[in-house]
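What follows is a single structure, written as structure tokens, with notes after it.
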Amino acid sequence: RQRNETAPAKYEFKGIRKDGSTIYLEASVAAITYLGEPASLAYLRDVTERKKTDALLRASEERYRNLIENALVGVYQTNLKGDILYMNETCLHLFGFESPEEAASAGSPARYRNHEDRKTVIEILKKKGNLSNFEVEFVTKTGDPLIVLLSATLESEVITGMIMDITEHKRADEALRK
């Protein structure tokens, strides 16, 4: 700054307090003239708590991401138009998709065997905000039936939910009935 070179106006750095503990500081610095000489004017702000909170939040997000990605049930997000926003690996596998992009290009309305079921799901979500253990039949990418229990919530036009494959259970029940 004093040599009129480019320097950031705001930056963070780690320091050590007199007692030996670590402190994180944010510096806001400006070049000024003091007594006719170039100088720097700096304001320091302790951001130690914010740094700790950010680290805890990142760790929490990582744990959550690991839980969702490794869940035994399909976890998904769509919007009311039917665009697929997210599917975990289990959900992709249930529908036979190779990638999230492939799932997104297919869209969620195409997964319902009976399109009236989708209308019913949307109506319930709009009315109640959630639904739980709703049995519905989907189709996989190859057209095979996929019977699931669907639980979901609607918040700000985004549907977040879980699906549990019960196809084999339904087939076993049908075989027992016969």
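Computed from the coordinates by the stated procedures, all read-outs in this text should not be read as laboratory data. Remember, predicted model here, so these are calculated numbers, not experimental data. Heads up, the Cβs are rebuilt from the backbone with ideal geometry, glycines too, and the neighbour counts pull from every protein chain shown.
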key: Amide H contacts under 5 Å for VAL47, placed H, 5+ residues apart   = TYR24, LEU25, GLU26
task = Just tell me which lysines come within less than 19 Å, Cα to Cα, of LYS10; anything on the same chain fewer than 8 places away is out.
result = LYS51
task = Give the calculated FRET efficiency between GLU102 and ASN70 to the nearest 0.05, with a Förster radius of 30 Å applied to their Cβ-Cβ distance.
result = 0.90
message = About the Cα centre, and with charges only on the beta carbon of Lys, Arg (+1) and Asp, Glu (-1), how big is the dipole of the chain? Nearest 20 debye, please.
response = 520 debye
ask   = Across the range 6-14, in residue order, what do the Karplus-derived ³J(HN,Hα) couplings come to in whole Hz, using 6.51 cos²θ - 1.76 cosθ + 1.60 with θ = phi - 60° and x for Gly and Pro?
value = 5, 9, x, 6, 9, 7, 10, 8, 9
message = What whole-number distance in Å separates the alpha-carbon centres of the range 4-41 and the range 52-102?
response = 42 Å
task = Would you mind telling me which residue in ALA106, ALA39, ALA55 has the biggest mean-square fluctuation in a Gaussian network model of the chain, where springs connect alpha carbons within a distance under 10 angstrom?
result = ALA39
inquiry  = Using Cα springs under 10 Å in a Gaussian network model of the chain, which residue among ALA31, ALA110, ALA71 shows the largest mean-square fluctuation?
reply    = ALA31
message = Using only the alpha-carbon atoms, how far is helix 48-69 inclined from the longest principal axis of the chain? Give it as 0 to 90 degrees, nearest 10.
response = 20 degrees
Listed pairs LYS127/LYS170; LYS119/LYS141; LYS141/LYS178; LYS128/LYS170 exceeding 24 Å between Cα atoms = LYS127/LYS170; LYS141/LYS178; LYS128/LYS170
message = Suppose only helical runs count, i.e. DSSP H with n ≥ 4. What mean residue ellipticity at 222 nm does that imply for the chain under -39500 (n - 2.57) per run, divided by all residues and rounded to the nearest 500 deg cm²/dmol?
response = -10500 deg cm²/dmol
task = May I ask you to evaluate 6.51 cos²θ - 1.76 cosθ + 1.60, the Karplus curve with θ = phi - 60°, for each residue of the range 122-135 and list the ³J(HN,Hα) values in order in whole Hz, giving x for glycine and proline?
result = 4, 4, 4, 5, 5, 6, 9, x, 7, 8, 9, 6, 8, 7
ask   = Only one of the listed values, (1) 1.72; (2) 1.46; (3) 1.06, was derived from the coordinates as Cα Rg over 2.2 N^0.38 Å; which label is it?
value = (1)
note = Under the Karplus relation with 6.51, -1.76 and 1.60 and θ = phi - 60°, whole-Hz ³J(HN,Hα) for the range 170-178, x at Gly and Pro, equal 5, 5, 5, 4, 5, 5, 5, 4, 5
